[in-house]
1. Name every residue in the stretch A:173-227 that is away from chain B (no Cβ under 12 Å), in a loop (DSSP other than H, G, I, E, B) and either among the aromatic types (Phe, Trp, Tyr) or crowded, with 18+ Cβ neighbours inside 10 Å (or both), in order of residue number.
2. Filtering the stretch A:324-373 down to residues that are touching a Ser or Thr at 6+ places or on another chain (Cβ under 6 Å) and over 30 Å from A:LYS247 (Cα atoms), which residue is modelled with the highest pLDDT?
3. For the stretch B:190-203: of the residues being at negative phi and surrounded by fewer than 17 Cβ atoms within 10 Å (Cβ to Cβ), which is nearest to the other protein chains (Cβ to nearest Cβ)?
4. Take the stretch B:118-148 and flag every residue that is closer than 21 Å to B:ALA317 by Cα, out of contact with any Ser or Thr (no Cβ under 7 Å at 6 or more places or on another chain) and hydrophobic (A, V, I, L, M, F, W, C).
5. Would you pick out the residues in the stretch A:124-171 that are in a helix (DSSP H, G or I) and of a type in the set (Gly, Ala, Ser)?
6. Could you say which residue among B:ASP272, B:ASP267, B:ASP262 is at the interface with another protein chain (Cβ under 10 Å from one of its Cβ atoms) and in contact with a Phe, Trp or Tyr (Cβ under 9 Å, 6 or more places away or on another chain)?
7. Can you pull out every residue in the stretch B:325-363 that is of a type in the set (S, T, N, Q) and closer than 28 Å to B:PRO282 by Cα?
8. Checking the structure you have, find out if any residue of the stretch A:33-44 is touching an Asp or Glu at 6+ places or on another chain (Cβ under 9 Å) and either crowded, with 18+ Cβ neighbours inside 10 Å or within 13 Å of chain B (Cβ to nearest Cβ) (or both).
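The values are calculated or read from the model by the stated rules, or taken from the named source; none is laboratory data. Remember, predicted model here, so these are calculated numbers, not experimental data. For neighbour counting, all protein chains shown are included, and Cβ atoms are generated from backbone atoms with ideal geometry for every residue, glycine included.
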Amino acid sequence: MNAAINQKPSLIETVIRKRLLGKGFLVAVALLALWKLVISFLAGPTIFMQQVVNGFQLGFVYALIALGYTMVYGIVKLINFAHGDVFMVGAFASYYAISRFGLNTWPSKVLPGLPVWLSTAVGVITVILLSMVTCALIAFTIERIAYKPLRNAPRISALITAIGVSFFLEYFGALPMVFGPNFVTYQRPFPVVEWVITTSGISQLPPGVAPPDNSLIISNISLYIIIISVLLVFLLNFIVMRTRVGKAMRATAYDKPTSRLMGINVDGIISVTFAIGAALAGAAGVLYAIAFPQVYFVMGIIPGLKAFVAAVLGGIGSIPGALVGALIIGEAEVLSAAYISTPMRDAVAFSILVIVLLVRPTGIFGEPSREKA
Amino acid sequence: MSKRLLAIVTLVLVASFILPACGGGAGGGTIKVGLLAPLSGAVPTFGVSTQEGTTMAVNEWNAKGGVLGKKIELVVADSQCSADPAVNAANKLIDQDKVQYIVGEVCSSASIPVSEIVNQKKVVQISPTSTNAGVTVDKNGVVKPFTFRACFIDPFQGLVMAKFASTKGFKTAFIMYDQGNDYTRGLAEAFEKSFTQLGGQVVGKETYTKTDTDFSAILTKVADSKAEVLYLPDYYNIVNLVGAQAKDKGVTAVMMGGDGWDSADLDVKAADGGFYSNHYDPGDTRPIVQDWLKKYGAAYKDDKGQPKVPDALATLAYDATNLLIAAIQKAGTTDPTKVAEALAGISWEGVSGTITFDAQHNPIKAAAVIGVSGGEKKFVESIAP
């Protein structure tokens, strides 16, 4: 027996024991991807930058949804599969606000003297706030009715309930007197403006005119999505890290029974967490519908799934993780659609998830029992 | 009392069996045409339009004294746009009603099994609107001698739009299609082939899946390719999404598509400046079209009592029925084999264009090109292959 231990392990044994094959494969894949990116960048730097901008536009929307998944998971260890459908409700709420009630135009009606950009901005922010409040109320109700009674039940029960709530929201929404089962064209609350960035500077691109060669096109839609998402992420970070509610949320995530003993209203904090996550999904719904102007009752499934993947990739439970994970998924999707093949976009995005989880099972920022929100 | 009631009921029942049988027995003076239409099931409105179109055609022939000196009698059977009910209805028409000619079915999935029966029993079938290639040709590529259709098949629309694009002077095109959908792939392939033959150049081709909503990556490539035409032969929901995003990405190419665009839900702002092909358009100024609109509007009213505008289903059913009866007249006999031969060689001016048949029993006729501009869909021109 001693003799066996003292024997020097053969090369094959070393490879197997240290899992070198798997690691080597991962390194090879990573190098291949990097090489592909560099080649693509050199082949057409402006096109590449344009695709990166496209990826950010998608990634920031995913980030807002992913934050809801990650917060709820962090505090009650529940994967809230109804989250994508709350996102859908947010999109529809803004659709009705804009198309039926013209809520985005109220500032120009009430205060006609305001400059156009200001009244548009105030109108759009009102619409987003309305969607956020609607979604927060819905999530609060769902939590009270469907999840709270199951707080001490096995985790699988709550998970199945979440799937049930998801189906309920989808097919209740599909009823003709609710949202209806059809594709609905979404009316954007502001006109689209495009700017072209060239080596000679920035200028506005009139509609119907082809952009000049080697120019980067940025529309106000991309800008709004990025600015609003970043603001909301900072706001969330502030709430979690700097306020009493945030402190209570972190305490609840860390240890529920002890938090209760310390006088924290744990159930109330959980409800607030659900509501904040849903409000972010509501904002995401509006931004997504503005970028891809069509709403329908199952529109939340795919973005919800991708955002969930993003949250896991970033390390579920971590706020910066959700943001980084979502940006990686958004970029991976768009860049693989641009440089590999469009039908492969999801395969590539999900392969990145698998590869990252092989190397870091808790995700990029995932450190269990730390930084939970 | 109850005995008398029973006697009356029995009498009525017996009478109801005998009387129609008498009618059938004395039917030597009429030519029976069967209609297979989905009057119930998933698409009953298709059935109603089809029945109205066929009835109009039969009534017009009868008003002119029928065909071969005999009146035409229309026998309607509900086929539900589905294989089994359609087969049962076809068997009933052929065996019980002794029909030798069938107009129908509307749906390809029902027309194909019916075509198996009619070719066995030597009954002439003409489908007004089934676009699947397998309706007139069997699995081994052999043409079914007794089956025809009045509508063009999917790839034909690709050819028409390629011709339209090249007559407009466009030289470069970018094609986008759904890889998992035979309809869009068929149109895209036909467009590419014809456009290249006509001297155009396809500068890019991209596929997507039907659940995609973010088309930014593809559209950035379209803008970069500087293509003059973006051919997108998909349904209106994809057109709405792509159209709106294309304008954000600086795409200036003219969008073109097929009859999948033809919907009240097409976003006319997103598709602004685009063109699509369709079977027929009420805006067509040919006298035969305007005459058809008037006749149909006089015969049928909508819910509000206004004259109805015939849709593509009614129009193609009207054309299909006319073609069939014209073939009987041309054959000069009621023998279905002779009628099928006459139909294969016919040239008939229908509402949806002057129709002749190719070797696969598919019609060669013009398609309508419709333009979207200023929030309206307007007939542009009729393009013959």
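1. A:PHE179, A:PRO189, A:PHE190
2. A:TYR339
3. Initial filter on the stretch B:190-203 (at negative phi): B:190-198, B:200-203.
Those left that are additionally surrounded by fewer than 17 Cβ atoms within 10 Å (Cβ to Cβ): B:193, B:196-198, B:201.
Values: B:LYS193: 22, B:THR196: 22, B:GLN197: 27, B:LEU198: 24, B:GLN201: 18 Å.
Top of the filtered list is B:GLN201.
4. Correct list: B:VAL123, B:VAL124, B:ILE126, B:ALA133, B:VAL137, B:PHE146.
5. Residues of the stretch A:124-171 in a helix (DSSP H, G or I): A:124-150, A:155-171.
Of everything in the stretch A:124-171, those that are in a helix (DSSP H, G or I) and of a type in the set (Gly, Ala, Ser) turn out to be A:SER131, A:ALA136, A:ALA139, A:ALA146, A:SER157, A:ALA158, A:ALA162, A:GLY164, A:SER166.
6. That would be B:ASP267, the only listed residue that is at the interface with another protein chain (Cβ under 10 Å from one of its Cβ atoms) and in contact with a Phe, Trp or Tyr (Cβ under 9 Å, 6 or more places away or on another chain).
7. B:SER347, B:SER352, B:THR354, B:THR356, B:ASN362
8. Yes, some residue in the stretch A:33-44 is touching an Asp or Glu at 6+ places or on another chain (Cβ under 9 Å) and either crowded, with 18+ Cβ neighbours inside 10 Å or within 13 Å of chain B (Cβ to nearest Cβ) (or both).
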